[in-house]
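Here, each number is a calculation from the coordinates, and none is a lab measurement. These figures come from a predicted structure and were not determined experimentally. Every residue, glycine as well, gets a Cβ built from its backbone with ideal geometry; the counts of neighbours run over all protein chains shown.
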Amino acid sequence: MARRPLQEINAGSMADIAFLLLIFFLVTTTMDQDIGILRQLPPPVPEDLETPPVKKRNVYEVLVNSRNQLLVEGERMDIADLKEGAKMFYTNPNKDPDLPILTRQTRGAVEENITLLQQALVKDPKNKQLETDLKKWKGKLSAIELIGEYDELPTSALISLQNDRGTKYAMYISVQNELSAAINELRNELAQDKFGVAYSELNPSVAEDKPKIKAIRAVYPQRISEAEPKDISGN
Amino acid sequence: MSKFTRKGKKGTPAVSTASLPDIIFMLLFFFMVVTVMRQDDPKVSISKPNATETEKLEKKSLVDYINVGTPIDTRFGTEPKIQLDDAFAEVVDIQFWIKENRDRRDEAEKPLITTSLKVDSDVKMGVVTDIKQELREAQALKINYSVNKGSALDNN
């Protein structure tokens, strides 16, 4: 008997099976990319902790009341002006006596400080405070090497954001967003000026960009502090 | 002459569907790759506020969501409620929920866990502040305010 040629398997139903699976995955898929404003919360503070006194000129006070109105540095302000205000606080170009004094970081002074700290550390090698100080000054030195001498904000300078319990969430996000925008714009300008790329284009996972990001963050640190919650307006 | 005459009528040949499975498989694989299984059904309605200074959340598996908004089912009232995973919860439940989520993850991943707050635009800050205080107590300090891309000045 002659052998019949092998019959092919009918693959017509393959499409149906694949369709079934396809529809299952279509239904379960969520395509939405989650984007948002990232923030780091401060760790819980012990109740008896005393806060060190801070000069008034070093704090940029932003209050939002339950009617979603802004009070910035004691004056009513529109949300559209907040970004410019925060930029002024960070740079103080007109030497305004109500805004922080920026101090020039010169290479000589920074190097001197580093040698002083190193000598102190030799005498007292277990002092943790000296070690962190040394690290901080070395960071400043590498920033100077990358972008030249710069004006530094006082370490106590910060933007203090306080809101009422009745503030609308959308308003709160707007304020957070405008404050971030101010810092990001300053950082972008500096990066564009020194490295020819925007700060947002620098990639922290690239070894070459890492010191650049650090240097720019040293000049314009993100210091947005949220006060311990309390009722401002009492309602 | 007669060599080329057709014998009988012949309709248009059927379009070959042999490549159909391949096309479907291609789509199938695409969706299989991009799929993240839906974690929880929303029980509260949320319309997120707009913002421009946004960042993408890197690893979805390391993000826990806290939803706050008015319940979709009006039987639960019209006041904003907190939804953790699949159920309504109170502010006091958050610390325990954070601990449970932390225990689920590997030791190496624990510092990378982000808590994403999906909050409706109209919710008052009181609830959000309470949540944030609980998160601080639970040492879940990396948070994300979930927003849509858009001008923040349009929010009000």
Point to revise | For a label point 7 Å along the Cα-to-beta-carbon line of B:Arg105, residues of the range A:38-65 with backbone N under 16 Å | key: A:38-41
**Study point:** For the range A:103-152: rounded, prolate or oblate by the Cα gyration tensor [a/c cutoff 1.5]
**Key:** prolate
Check your understanding: If you line up the long axis of helix A:14-28 against the longest principal axis of chain A, both from Cα atoms, how many degrees apart are they, to the nearest 10?
Key -> 20 degrees
Check your understanding: For the peptides A:162-171, B:41-50, A:119-128, what is the packing order when you average, over each peptide's residues, the other Cβ atoms within 10 Å and list the highest mean first?
Key -> A:162-171, B:41-50, A:119-128
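Pull out the extension gain between A:Glu50 and A:Lys128, defined as 0.36 nm times the separation in residues minus the alpha carbon to alpha carbon distance; nm, one decimal. Working shown, then result.
Numbers: separation 78, 0.36 × 78 = 28.08 nm, distance 2.19 nm.
Contour length minus Cα-Cα distance gives 25.9 nm.
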Check your understanding: For the range B:60-108 and the range A:13-82, what is the separation of their C-alpha centers, rounded to whole Å?
Key -> 16 Å
Point to revise | Calculated [θ] (222 nm, deg cm²/dmol) that DSSP helices of n ≥ 4 give over chain B, each run adding -39,500 (n - 2.57) | key: -8000 deg cm²/dmol
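Once you list every other residue whose beta carbon is under 15 Å from the beta carbon of B:Ala18, what net charge do they have if Lys and Arg are +1 and Asp and Glu are -1? List each step's numbers first, then the result.
Working: positive: none; negative: A:Glu8, A:Asp16, B:Asp22.
Neighbour charge sum, excluding B:Ala18 itself: -3.
Tell me whether the range B:44-155 comes out rounded, prolate or oblate; compute the Cα gyration tensor, take square roots of the eigenvalues as a ≥ b ≥ c, and use a/c under 1.5 as the rounded threshold.
Details: a/c = 1.92, a/b = 1.20, b/c = 1.60.
Oblate, since a/c reaches 1.5 and b/c is not below a/b.
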Check your understanding: When you look at the Cβ of every residue in B:54-66, what mean number of other chain Cβ atoms sits within 10 Å?
Key -> 2
Review point. Counting DSSP beta bridges with both partners in the protein assembly as shown, what percentage is antiparallel, nearest 5?
Key: 55 percent
**Study point:** Proximal charge balance of A:Pro211 [Cβ under 14 Å; K/R count +1, D/E count -1]
**Key:** +4
Check your understanding: What lysines could a cross-link reach from A:Lys128, if we take a straight Cα to Cα line under 21 Å and drop same-chain neighbours fewer than 8 places away?
Key -> A:Lys136, A:Lys138, A:Lys140
Practice item. For the range B:32-112, please report how many Lys pairs fall under 20 Å Cα to Cα, leaving out neighbours fewer than 8 apart on the same chain. Key: 10
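Within 10 Å of each Cβ in peptide B:128-136, how many partner chain Cβ atoms are there on average? Round it to a whole number, please.
Details: counts 7, 9, 2, 0, 5, 4, 0, 2, 5.
What the average comes to for B:128-136 is 4.
Of all DSSP beta bridges located in chain B, what percent are antiparallel, nearest 5?
Numbers: 9 of 20 bridges.
In chain B, approximately 45 percent of DSSP beta bridges are antiparallel ones.
Under unit Cβ charges (Lys, Arg +1; Asp, Glu -1), what dipole magnitude, rounded to 20 debye, does chain B have relative to its Cα centre?
Working: 24 positive and 24 negative charges, 350 e Å.
So the dipole magnitude of chain B works out to roughly 1680 debye.
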Point to revise | Calculated [θ] (222 nm, deg cm²/dmol) that DSSP helices of n ≥ 4 give over chain A, each run adding -39,500 (n - 2.57) | key: -14000 deg cm²/dmol
**Study point:** Calculated SAXS-style log₁₀ I(q)/I(0) at q = 0.14, 0.15, 0.17 Å⁻¹ - chain A, Debye, Cα scatterers
**Key:** -1.08, -1.19, -1.37
Check your understanding: When chain B is treated as a GNM, springs tying every alpha-carbon pair under 10 Å, which of B:Pro21, B:Pro111, B:Pro80 comes out with the largest mean-square fluctuation?
Key -> B:Pro21
Practice item. Would you give the gap between the C-alpha center of the range A:142-170 and the C-alpha center of the range A:86-134, rounded to a whole Å? Key: 16 Å
